[in-house]
Each structure stands twice: as structure tokens, then as C-alpha cells.
1. With a Förster radius of 35 Å, plug the Cβ-Cβ distance of I29 and K54 into 1/(1 + (r/R0)^6) and report the FRET value to the nearest 0.05.
2. What number, in percent, do you get for the relative contact order of the chain if the mean sequence gap of Cα pairs under 8 Å and at least 6 apart is divided by its residue count?
3. Assuming R0 = 35 Å, what is the FRET efficiency of L69 and N36, from their Cβ-Cβ distance, to the nearest 0.05?
4. Set the Förster distance to 45 Å, then compute FRET efficiency between V143 and L111 from the Cβ-Cβ distance, nearest 0.05.
5. Listing K2, K125 from the residue with the fewest other Cβ atoms within 10 Å to the one with the most, what is the order?
6. Label segment 9-66 by shape, choosing from rounded, prolate and oblate, from the square roots a ≥ b ≥ c of the eigenvalues of the Cα gyration tensor; if a/c is under 1.5 it is rounded, and otherwise prolate applies when a/b is larger than b/c, oblate when it is not.
7. Could you name the aspartates and glutamates whose alpha carbon sits less than 18 Å from that of K72, not counting residues in the same chain fewer than 8 places away?
8. Classify the chain from the C-alpha gyration tensor, please: rounded if a/c falls under 1.5, else prolate or oblate depending on whether a/b exceeds b/c.
Amino acid sequence: MKLSTDSENLLIEISVQKKIYLEGNLLKILDTDNENFRTYLNKSIELDDENRKKRITLSKQIQDRNIELELKQSQLEQKQNENNKLLEDLNNALFLAEKAKLEALNEVSVLQTKNQFELIGTIVKIALCVIVGVGIIVTSMYVFAMSKDSTETTLIGNTWSNLFGILLTNSFSIIGTIMGVKYATEQEK
């Protein structure tokens, strides 16, 4: 295909002034008898080949970069999945630790309560033994004084009566205190 002389001269002028040349498959079908335009066409073909090579190289670099980015993204997703699994395992371990802590605290509470009840039982037994022991001793003394026809039986009788009153009062006081402590510790829970 041949262009008019004016078109050829215009294309040559554009290439000199603005450094713009024809590109693409159009160059393969153009033909001319003008030596200046022939030089222009050869220069255009040469520049077109260089531009194509640059575009192909750039496209290949972009494709390689995209493949690299996809690989990195895949690795990041894999790491994210690993992190999520580790976080889930950590949450499960934390839940189990909290559960074990609660169970241990419950067992300690049960042991403390058991020890408190045992201590309270021991205190009550000792208090009752002391009360019964004092009662037996005082009663024995009163009976002994009566059997010897002592003149002090009235005094011992009054003392015996007062002692039993005090022992009863103290025993109820001890039992009331123990029950109060038991009630207070139950309210704290």
C-alpha cells in the first residue's frame, strides 16, 4: 500500500518535530519509492520492534510479579490459618485451665468446709466434756458433802446450782457462736 507524497512528508515531519512514529502491522503493508520515507519506515519498524520487546519484557515481569504475589498471598493465608488454629488451641487451653482452676478452688473450698466442721465438732466435744466433767466433779462434791453430813451442804448446793447455770449458759453460748460462724461462712459463699 502506498501513501500520497503529502502524507509521507507529513509523517516524516511529525517524526522530526514530535518524535512520533507509526507502529504496528500497518508498517508491514506500507511501500514507497521515496528514499526519505523508506528511511522513516525502517526507523519506525526498528522502534516498533524495540517497543514490542519492551512490552513483552514488561508483561513477563508483571506476570512473574503476579505469580510471586499470589505465592506470597497463599503463604500469608496459610500463616493466617496456622495463627487461627494456634489461637483456637490457646483459647481451648485457657478454657481448660480456667475449668481446672474452678475445680481446684471448689475442692479447696470443700476441704476448708470439712476442716471447719471437724474443728467445730472437736470444739463442741471438748466443751461438752468440760461441762460434763465439771458437772460430775461438783455433783460428786455435793454428794460427798451430803453423805458426810457436812454443814456446808447449803453453800455447796448453791454453788452447785450456780455452776450448772453458768455451764448451761456457756454451753449455749459456745454452740451459738459456732452456729453463727457456720452461718457467716455460708453467707460469704
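What follows is calculated from the coordinates using simple rules that are stated; it is not laboratory data. A quick note: this is a predicted structure, and the numbers were derived from the prediction, not measured. Virtual Cβ from ideal backbone geometry, glycine too; neighbours counted across all protein chains shown.
1. 0.90
2. Rounded, it is 13 percent for the chain.
3. My answer for the efficiency is 0.15.
4. 0.45
5. Values: K2 13, K125 10.
Going from sparsest to densest Cβ surroundings: K125, K2.
6. Prolate, since a/c reaches 1.5 and a/b exceeds b/c.
7. D64, E82
8. Judged from the Cα gyration tensor, the chain comes out prolate (a/c at least 1.5, a/b above b/c).
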